[in-house]
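Asks: Have a look at the structure that comes next, please.
The values are calculated or read from the model by the stated rules, or taken from the named source; none is laboratory data. No experiment lies behind these values; they were computed from the predicted model shown. Reconstructed Cβ throughout: ideal geometry from the backbone, glycine too, with neighbour counts over all protein chains shown. Accessible surface is based on the protein model in full, side chains and every heavy atom, while ligands, DNA and RNA are left aside. Shrake-Rupley method; radii C 1.70, N 1.55, O 1.52, S 1.80 Å.
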Amino acid sequence: MGGGVLRYCMINAYCDGGVSMKAGIGGWAVVFVEEGGGVSYINGYDRRQGVTNNKMEMMGVIMAMKYCAEHYPGQPVTITSDSEYIVKGCNEWLDKWVLKQWKTTTGPVKNQNYWQEIKALRDVVKPTIQWCRGHDGNEYNEMADKLCVGAYQQALTDNKTGVSYQHDNQ
């Protein structure tokens, strides 16, 4: 995540995450669309035990906010996800969980470490977080989905353990 010349522009980040249950590998991707048409992406995979679809969806949002904090500091960011869990978590539940010391009516918040990182990054980046229907023709959501699947397929050919990350300025 290197630096570059910063300029003011609206950023739309389309996030996706998924898991190949058969292989036990998760993937995530973020497609960044700059006002004016610039498109780039980041994606990666996770082969650690216990990887889930929700964790990979959260990793997409985490990586989107980390990238925006570094490359677009102070600029307006809209994060779009096809995961209701992510959107409701960020927009409706997160602040309540903090007030209730990370507890729900049924016990501790699941994936708390991911949510805590999302909260810390959200407080810095201050994104608008919105939902879109998955697999419904949104060009950049579809691109994020393909990059996510490509990331965990790459993990199969790399035969590496742990987490990997790549970036492309198209």
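Asks: What full-extension length gain, to one decimal in nm, is calculated for Lys22 and Glu35 as 0.36 nm per residue of separation minus the Cα-Cα distance? Display every interim value, and only then the final one.
Replies: Details: separation 13, 0.36 × 13 = 4.68 nm, distance 3.88 nm.
Difference between extended and current length: 0.8 nm.
Asks: What nm value, rounded to one decimal, do you get for the distance between Gln153 and His71 when each label is placed 7 Å out toward the C-beta?
Replies: It is 2.3 nm.
Asks: Would you kindly find the accessible area of Val39, with a 1.4 Å probe and non-protein molecules such as ligands, DNA and RNA excluded, rounding to the nearest 10 Å²?
Replies: Looks like 30 Å² after rounding.
Asks: With the other protein chains left in place, how much accessible area per residue, in square angstrom, belongs to the chain at a 1.4 angstrom probe?
Replies: Working: 8920 Å² over 170 residues.
Per-residue accessible area for the chain comes out at 52 Å².
Asks: Would you work out what percent of the accessible area of the range 20-170, with all protein chains in place, is carbon or sulfur (probe 1.4 Å)?
Replies: Details: 3810 of 7910 Å².
That share works out to 48 percent.
Asks: How big is the equivalent ellipsoid of the range 65-145 along its three axes, where each semi-axis is √(5λ) from the Cα gyration tensor, reported in whole Å from largest to smallest?
Replies: 24, 18, 10
Asks: What lysines sit close enough to Lys22 to cross-link, taking a C-alpha to C-alpha distance under 24 Å and skipping anything fewer than 8 places away on the same chain?
Replies: Of all the lysines, those that pass the test against Lys22 - Cα under 24 Å, at least 8 places apart if same chain - are Lys55, Lys110, Lys146, Lys160.
Asks: Ordering Glu139, Glu57 by accessible area with a probe of 1.4 Å, largest first, what comes out? List each step's numbers first, then the result.
Replies: On the way: Glu139 115, Glu57 10 Å².
I get Glu139, Glu57, largest accessible area first.
Asks: Does a label point 7 Å from the Cα of Asn53, set along Cα-to-beta-carbon, have any residues of the range 119-133 with amide nitrogen under 18 Å, and which are they?
Replies: 131-133
Asks: Right, another one. Give me D for the chain in µm² s⁻¹, whole number, from Stokes-Einstein with Rh from the Kirkwood sum over alpha-carbon pairs, 20 °C and 1.002 mPa s.
Replies: Details: Rh = 16.2 Å.
Diffusion coefficient, whole number: 132 µm²/s.
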